[in-house]
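Student: Quick one: the structure is below, questions incoming.
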Amino acid sequence: MSSLVSIIIPAYNAAKFLPRSVASALSQTHPDIEVVIVDDGSTDETGAIADRMAAQENRIKVVHQENRGLAEARHSGIKAATADYIVHLDADDELLPDAVAFLYDKAMTLHLDFAFGSMIRVEGERSYEIGHPMEGVLGSDEYLHFLFDRRCMVAQGEYLCRRELWSEDIFPPRDRVLPSEDILMNIRLSARVERAGFFNKPAMKYYYVPTSLSQSNRLSSMDNWETFFQLVEENLEQRGKLKELEQELLCMKLDRLAFYIYPLDTQRPWISKILDDHRFELPRRYRILQCLLRHPRLCHWCIVNNRRLKRLFKH
């Protein structure tokens with residue numbers, strides 16, 4: 001097996017950050033690297049910057065496409081990649097120098113389909129490590145359950161995995177740009193994962209850029225969230241896993257309704273069904289959210305001000 005690892009960087013209007021992320025990919029101590037940049041219909045200088053870097057460095061290849069969203073950009077990058085193992089890196093983040101070497105070694109020695117490192121979260125001048133709540137190797141069912149743990153960070157991109165896992169049916173419908181696409185894809189991938197390893201060694205820097213809650217929420221319509229949860233439920237039902245994960249899925253729904261949709265129409269049948277679901281003894285956080293969501297303006301006010309207080313005390 002070749003030791004080549006493909007680092008896939010989807011980029012949409014990322015001209016400001018792309019050179020930093022590409023430099024971190026090329027600076028890996030792992031000796032055998034290729035970098036695949038996917039320009040996802042950018043309207044700034046992203047495409048031109050990517051082409052200039054590729055002209056200067058033969059380890060870089062560039063894919064240009066119309067804007068199709070993050071999932072389709074990852075899809076195009078995987079198609080263009082030639083290595084047996086891939087790493088996903090967002091264009092505004094960066095890999096630490098020994099990330100690929102460490103994760104590749106773990107994948108080889110422990111026979112892993114996925115190898116996850118931890119990350120360093122950067123907020124302005126402040127940075128701190130965020131580790132996994134556990135270390136070790138999980139089997140397929142354990143990995144699926146872990147995806148519904150609110151402490152799980154698998155969507156952040158600090159992992160190396162086998163490219164052959166990413167078949168066509170892993171990706172969301174091409175005619176919809178869904179929220180939480182990485183979560184949906186990882187749930188689908190979990191059916192093919194036999195061994196996933198988690199290690200609390202930082203592999204990447206995740207640059208957090210705070211935006212207002214109201215502005216970010218408008219990017220995720222209620223229709224798209226409804227489709228997202230339908231696809232999750234369909235996958236779990238097909239695998240006979242829905243019943244055992246219903247409580248965790250309800251918590252995920254409450255979390256997404258509270259933090260990612262405003263204004264919220266509580267009269268929509270699928271939303272009112274979530275708010276009226278009292279089959280489980282939920283953790284206190286979710287019992288409170290379920291009550292607050294009946295009053296969307298109050299819920300939004302509480303969340304916004306809670307975030308403001310947290311930022312105030314952090315500084």
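Any read-out appearing in this document is the output of simple, stated calculations on the displayed coordinates, not a laboratory observation. Just so it is clear, the structure is predicted and the values come from calculations on it, not from any experiment. Virtual Cβ from ideal backbone geometry, glycine too; neighbours counted across all protein chains shown.
Student: Would you compute, from DSSP H runs of 4+ residues alone, the mean residue ellipticity of the chain at 222 nm, taking -39500 (n - 2.57) per run and dividing by the full residue count, rounded to the nearest 500?
Tutor: It lands at -12500 deg cm²/dmol.
Student: Additional query: How about K241: which lysines have a C-alpha closer than 22 Å to its C-alpha, ignoring those fewer than 8 places off in the same chain?
Tutor: Straight-line reach from K241, under 22 Å: K253, K273.
Student: With the dipole of the stretch 67-112 worked out from charges on the C-beta (+1 for Lys and Arg, -1 for Asp and Glu) around the Cα centre, which of V87, A73, L110 lies farthest toward the positive end?
Tutor: A73
Student: Oh, and also: Would you mind classifying the stretch 1-131 by shape? Square roots of the alpha carbon gyration tensor eigenvalues, ordered a ≥ b ≥ c; an a/c under 1.5 is rounded, otherwise it is prolate if a/b is larger than b/c and oblate if not. Working shown, then result.
Tutor: Details: a/c = 1.70, a/b = 1.25, b/c = 1.36.
In terms of gyration-tensor shape, oblate.
Student: Taking the Cα centroid of the stretch 21-74 and of the stretch 279-297, what is the distance between the two, rounded to the nearest whole Å?
Tutor: 43
Student: Can you put D277, D113, D223, D175 in order, fewest other beta carbons within 10 Å first?
Tutor: Ascending Cβ contact count within 10 Å gives the list D175, D223, D277, D113.
Student: Here's a follow-up. Treat every Asp and Glu Cβ in the chain as -1 and every Lys and Arg Cβ as +1, leave all other atoms uncharged, and give the resulting dipole magnitude about the Cα centre to the nearest 20 debye.
Tutor: I would put it at about 1240 debye.
Student: Now for a separate question. Which value, in Å to one decimal place, does the Kirkwood hydrodynamic radius take for the stretch 45-104 when every pair of different Cα atoms is included?
Tutor: 13.2
Student: Now a separate question. Using the number of other C-beta atoms within 10 angstrom as an exposure proxy, rank E123, E158 with the fewest first.
Tutor: Least to most surrounded, the residues fall as E123, E158.
Student: Now for a separate question. Provide S167, S21, S76 in ascending order of the number of other Cβ atoms located within 10 Å of each residue's Cβ, fewest first.
Tutor: S167, S76, S21
Student: Right, something else. What lysines does K79 reach when the alpha-carbon gap must be under 24 Å and sequence neighbours fewer than 8 apart in one chain are set aside?
Tutor: Within reach: K61.
Student: Something else about it: State the volume of the convex hull built on the alpha-carbon positions of the stretch 128-194, expressed per residue in Å³ and rounded to an integer. Let's see the in-between values first.
Tutor: Working: hull volume 7.2 nm³, N = 67.
Cα convex hull per residue, to the nearest whole number: 108 Å³.
Student: Compute the Kirkwood hydrodynamic radius of the stretch 99-258, taking the inverse of the mean of 1/r over all pairs of distinct Cα atoms, and give it in Å to one decimal.
Tutor: Working: mean 1/r = 0.0592 Å⁻¹.
The Cα-based Kirkwood calculation yields 16.9 Å.
Student: Please report, in whole Å³, the volume per residue of the convex hull around the C-alpha atoms of the stretch 213-314.
Tutor: So the per-residue hull volume is 113 Å³.
Student: Evaluate the Debye formula for the chain with equal point scatterers sitting on the alpha carbons, no solvent, and hand back log10 of I(q)/I(0) at q = 0.06, 0.07, 0.08, 0.10 Å⁻¹, in q order, two decimals.
Tutor: Those come out to -0.21, -0.29, -0.38, -0.60, one per q.
Student: For a test of the definition: using alpha carbon positions, the gyration tensor, and the 1.5 limit on a/c, classify the stretch 80-124 as rounded, prolate or oblate.
Tutor: oblate
Student: Sticking with this structure for a sec: Projecting each Cα onto the charge dipole of the chain (Lys/Arg +1, Asp/Glu -1 at the beta carbon, about the Cα centre), which of A196, G139, I120 comes out farthest on the positive side?
Tutor: I120
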